[in-house]
Amino acid sequence: MPPSSAGPTTTILELPSGIRVGVTQQGGTRAPAVVCLPGWGGSQYLFRHNIPALASAGFRAIAIDLKGHGVSDKPLDTDDYTLDGMVAHVLEVLDALHLEKASLIGQSMAGPIAAQISLTAFERVERLVLLAPVGYGPIRPVSIARVLAPLGVARHLPALATRWMFDLVVKSMYGDLIKPSERDIDEYFAPASDPNFVRALHRLIHHFDWSSFDDGRLRALRVPLLVIRGDSDPIVPLSVLDRFRQDVPGLRVAKIPRAGHLLTEEAPEAVNRAIVDFLSAPNLQPG
């Protein structure tokens, strides 16, 4: 049976730390692994159009719910939601999946996580794809959220996490190509049934390093890099591409017209083409 002929399977993986993580996989176990990391508030659902395409292209495609997200456990220790805490978490997942090496795809907030792994554990990363990545400069919605939801209000936040609010936030991240369906909103809202979901998001807003690239760390990148950005992204400004080019002269860039911040939702076919072409290209130089 070809590796991609069977559909994706979703399981709960218990890590040595005790945290349980939702994992979706498709493709042969001996195929080159590609691990997809959703950003702030996202889940494996974000990659539902990409996992089958990557498997069909000959990869072992894996998407995980980061701790605090989706069906994964939602611990409330502040250290869990720092950049270093999230990097250690993803490395623990790679170990539990027995992946010595994989290509990483990081969306939005997961971009700095995937990039940091590529810097500190570069021997474990084949290639790096960043989708609408944050990491340079202040992120305006994060700055606003820090003011509107200071640390002292954490216990009250679950009561404010209504479906209407999720609908508003998700729609604000789209460009001009399509709009999210009612099912899409339901999927993004579903984890809010656990009050610790919103508390975890709140901890990330306050304790994650959203501007980690500002110190020039990407100049030390030793793996090939592809950055994909939508031309109508309301979160990541166009100027970010210039900063990537300054720090990583050899990077590859794919632009998607009229797409916003949730590229895998808005333009999955274009994203799949760009990723598969990049992952399949021979003899790419680092950066």
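Derivation of every value follows stated rules applied to the coordinates shown; laboratory data play no part. Everything numeric here is computed off the predicted structure, so don't read it as measured data. Ideal geometry is used to build each Cβ from the backbone, glycine not excepted, and the neighbour counts take in all protein chains shown.
List of remarks:
- Ranked by the mean number of other Cβ atoms within 10 Å per residue, highest first, peptides 16-29, 56-69 order as 56-69, 16-29.
- Proximity of backbone amide H atoms, modeled 1.01 Å from N, is registered between G137 and D214 at under 5 Å, excluding neighbours fewer than 5 places apart on the same chain.
- Cα gyration tensor, the chain - rounded (a/c under 1.5), prolate or oblate: rounded
- N196 paired with R273, simple spin-label distance in nm, labels 7 Å along Cα-to-beta-carbon: 4.3
- In order through segment 68-78: 3J(HN,Hα) via Karplus (6.51 cos²θ - 1.76 cosθ + 1.60), integer Hz, x for Gly, Pro: x, 10, x, 8, 6, 4, 10, x, 10, 5, 3
- Cα-based reach from K74 at 18 Å (exclusive), listing aspartates and glutamates while leaving out same-chain residues under 8 positions away: E14, D65, D84, E92, E187, D194
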